[in-house]
Amino acid sequence: MSVLIRICSPSGAFSVSVGSGRLARPMPRYEVTVGLEVHVQLLTHSKIFCRCTNQFGGEPNSRICPICLGYPGTLPVLNRAVVDQAIRLALALGCTVQPHSVFARKNYFYADLPKGYQISQFDEPIATGGRIPIDDSRSIAIHRLHLEEDAGKLLHETPGGGALPGKSLVDFNRCGVPLVEIVSEPDMSSAKEAHDYLQALHQVLDYTATSDGNMEEGSLRCDANVSIRPVGQTELGTKVEVKNLNSFRNVARAIEHEIDRQALIVDAGDEVLAETRSFEASTGVTRLLRGKEESHDYRYFPEPDLPPLVLEEARIEAARSGLPELPWDRRRRFRDTYGLPDADAELLSSTRRLADYYESAVAAHGQDPKIVANWVMTEVLRELKERHIDVDSAISPERLASLIALIEDGSLSHRAAKDVFGEMWECDEPANVLVERLGLSQVRDDDALVGWVETVVAAHPAPVEQYRAGEQKVVGFLVGQIMKESQGRADPKRVRELLVETLS
Ligand SMILES: [Zn+2]
């Protein structure tokens with residue numbers, strides 16, 4: 001069955017693939033079109049239309065008020081900080097911020113929506129257009145970005161994790177949390193591109209500090225619209241929406257499954273139906289949720305309690321001038337300025353704080369950027385992972401740089417540096433003080449070195465014989481033994497010279 005599915009698979013272009021890729025694939029017969037709708041919770045102190053705290057979690061129904069519960073007689077007041085965050089994000093994504101936009105009511109019933117409508121934006125959103133670069137040569141077009149309020153949340157078990165057979169609880173804390181919805185054009189042609197788009201968007205949220213982007217907590221939620229069409233057909237196929245995907249990986253898996261499912265339907269001569277489906281992570285399969293709703297089903301009309309949002313040019317320009325360097329620009333600069341390979345530049349610019357850390361370490365002693373990159377990418381990241389901490393809690397970049405400086409000027413061997421590095425996480429002492437305290441400074445004094453050389457030569461008569469018989473390569477082995485004897489402190493270059501002298 002899985003082979004059949006793979007042969008029907010329309011495209012061979014997925015690198016995020018579910019157990020496939022090794023089978024030789026036929027020429028693709030279908031083109032894939034993917035568009036993403038991403039909801040992002042904005043980082044602000046308070047909610048979009050009231051003063052309630054905008055923060056994840058909390059005792060259920062503790063961060064609520066008559067406004068976010070939609071009591072009769074209350075009026076929403078737009079939070080200025082929400083608008084500033086939306087402008088900032090829109091500009092970072094290359095969108096055009098509209099000087100005039102309008103809030104609208106989107107009417108529907110759901111148990112987590114006490115007002116019976118959601119305040120959103122419909123035909124006049126705050127921003128339009130834009131693009132997200134996913135690599136040097138490819139960017140994905142954005143259709144629009146609009147503001148809206150979040151709804152509450154249904155709990156299908158008790159907050160303590162107990163089962164609630166046949167019942168659900170409702171927590172309204174999330175009602176009125178500020179959201180932007182970013183709608184892409186149907187501009188992606190594979191699960192891989194959708195994954196890369198989300199990853200790039202996630203980096204922009206991090207760099208601009210407009211959202212924490214935490215998918216597990218629902219700060220970033222994604223719906224995918226997927227359709228296929230025979231290669232060469234200009235008209236797009238019928239799109240299917242897959243709702244509420246909660247990880248990058250599940251977005252890719254859901255899209256792949258949907259492509260295979262639709263290809264089987266079309267191959268069988270049937271029609272793909274416009275519908276909304278959910279993704280089941282445990283099985284990797286999408287399931288029918290409901291028929292596709294259209295925008296007219298929501299009976300949108302302009303929100304009578306809020307005036308149009310009018311933005312002055314100066315406010316937009318102030319936001320533009322406050323934008324940080326964006327991830328793709330930083331990645332390019334890491335390559336151009338520091339001469340880093342692509343993979344290094346990409347990893348080191350993956351979050352703003354890691355990129356800042358790296359640059360501070362390079363600047364501290366003006367060391368070779370590639371050597372500093374290697375230390376950050378291997379030793380520092382490994383230590384962070386083992387300690388389950390983030391880069392803010394790492395040893396300071398200045399201390400890291402001072403350690404690397406000791407290796408560069410020959411006072412510390414690479415091996416001993418790793419020991420000092422480990423110790424640096426346990427205390428605040430500078431690298432040179434630690435080197436002394438641990439007795440690890442590199443030994444370059446000939447008397448001490450000759451002592452170790454002679455011990456090792458005496459202990460290894462066989463390799464010494466081999467060397468004298470012309471086998472030069474045993475020198476490496478003997479140098480290794482001497483380094484061991486010295487507990488990593490001997491200057492390996494001088495050791496080699498002394499060893500060769502002793503042997504000849
Ligand atoms: Zn409230």
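The values are calculated or read from the model by the stated rules, or taken from the named source; none is laboratory data. Since the structure is predicted, the reported quantities are computational estimates derived from the model, not experimental observations. As a convention, Cβ positions derive from the backbone with ideal geometry for all residues, glycine included, and neighbour counts pool all protein chains shown. Quick note on the areas: whole protein, heavy atoms, side chains included, nothing else; ligands and nucleic acids left out. Shrake-Rupley method; radii C 1.70, N 1.55, O 1.52, S 1.80 Å.
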- prompt: What are the pairs, 6+ residues apart or on separate chains, where a residue within the range 41-67 that is within 8 Å of the ligand (Cβ to nearest atom) has its Cβ under 9 Å from a residue that is hydroxyl-bearing (S, T, Y) and part of a loop (DSSP other than H, G, I, E, B)?
  reply: C50/T74; C65/Y71; C65/T74; P66/T74; I67/T74
message: Exactly one condition in (1) assigned to a loop (DSSP other than H, G, I, E, B); (2) away from the ligand (no atom under 16 Å from the Cβ); (3) of a type outside the set (S, T, Y); (4) touching a residue at least 60 places away in the same chain (Cβ under 8 Å) is false for V226; which is it?
response: (1)
field: Residues of the range 331-355 satisfying the condition of being open to solvent by less than 20 Å² (accessible area, probe 1.4 Å) and under 20 Å from R131 (Cα atoms)
entry: S349
- request: Would you mention how many residues in the range 155-170 are under 24 Å from K106 (Cβ atoms) and either in contact with an Asp or Glu (Cβ under 8 Å, 6 or more places away or on another chain) or aliphatic (A, V, I, L, M) (or both)?
  value: 2
- prompt: For A151, all conditions in the list (1) free of Cβ contacts under 8 Å to residues at least 60 places away in the same chain; (2) in a strand (DSSP E or B) hold save one; what is the number of the exception?
  reply: (2)
- line: Of all helices (runs of 4 or more DSSP H) fully inside the range 383-463, the set with 1 or more residues that are farther than 25 Å from P369 by Cα is 431-437, 446-459
- prompt: All but one of (1) exposed (fewer than 13 other Cβ atoms within 10 Å of the Cβ); (2) modelled with pLDDT of 95 or more hold for P397; which doesn't?
  reply: (1)
- request: Only residues that are in contact with an Asp or Glu (Cβ under 8 Å, 6 or more places away or on another chain) and either within 23 Å of D212 (Cα to Cα) or aromatic (F, W, Y) (or both): list them for the range 352-376, please.
  value: R352, R353
- request: Specify which of the listed residues (S62, S20, S15) is surrounded by fewer than 16 Cβ atoms within 10 Å (Cβ to Cβ), of a type outside the set (K, R), at pLDDT below 50 and out of contact with any Gly (no Cβ under 6 Å at 6 or more places or on another chain).
  value: S15
- request: Restricting attention to the range 457-485, report how many residues are in contact with a Leu (Cβ under 8 Å, 6 or more places away or on another chain) and open to solvent by less than 90 Å² (accessible area, probe 1.4 Å).
  value: 9
Out of A111, A127, sole residue that is more than 15 Å from the ligand (Cβ to nearest atom), assigned by TED's automatic domain parsing to the domain that holds T158 and open to solvent by 50 Å² or more (accessible area, probe 1.4 Å): A111
message: Going through I119, I142 one at a time, which residue ends up being within 16 Å of the ligand (Cβ to nearest atom) and touching an Asp or Glu at 6+ places or on another chain (Cβ under 9 Å)?
response: I119
- request: From the list R415, R399, pick out the single residue that is farther than 24 Å from A355 by Cβ, outside the structural domain of S486 (by TED's automatic domain parsing) and of a type in the set (D, E, K, R).
  value: R415
Residue check for I119: closer than 30 Å to R332 by Cβ and in contact (Cβ under 8 Å) with a residue 12 or more places away in the chain: no
- line: Taking the range 68-91 and the residues there that are open to solvent by 50 Å² or more (accessible area, probe 1.4 Å) and more than 30 Å from E313 (Cβ to Cβ), the one that is nearest to the ligand (Cβ to nearest atom) would be Y71
query: If you go through the range 160-174 one residue at a time, how many are surrounded by 10 or more Cβ atoms within 10 Å (Cβ to Cβ) and of a type outside the set (S, T, N, Q)?
result: 7
task: With respect to S168, determine if the residue is under 30 Å from E235 (Cα atoms), of a type in the set (S, T, N, Q) and assigned by TED's automatic domain parsing to the domain that holds Q98.
output: no
Set H365, H296: member being open to solvent by 60 Å² or more (accessible area, probe 1.4 Å) and outside the structural domain of I404 (by TED's automatic domain parsing): H296
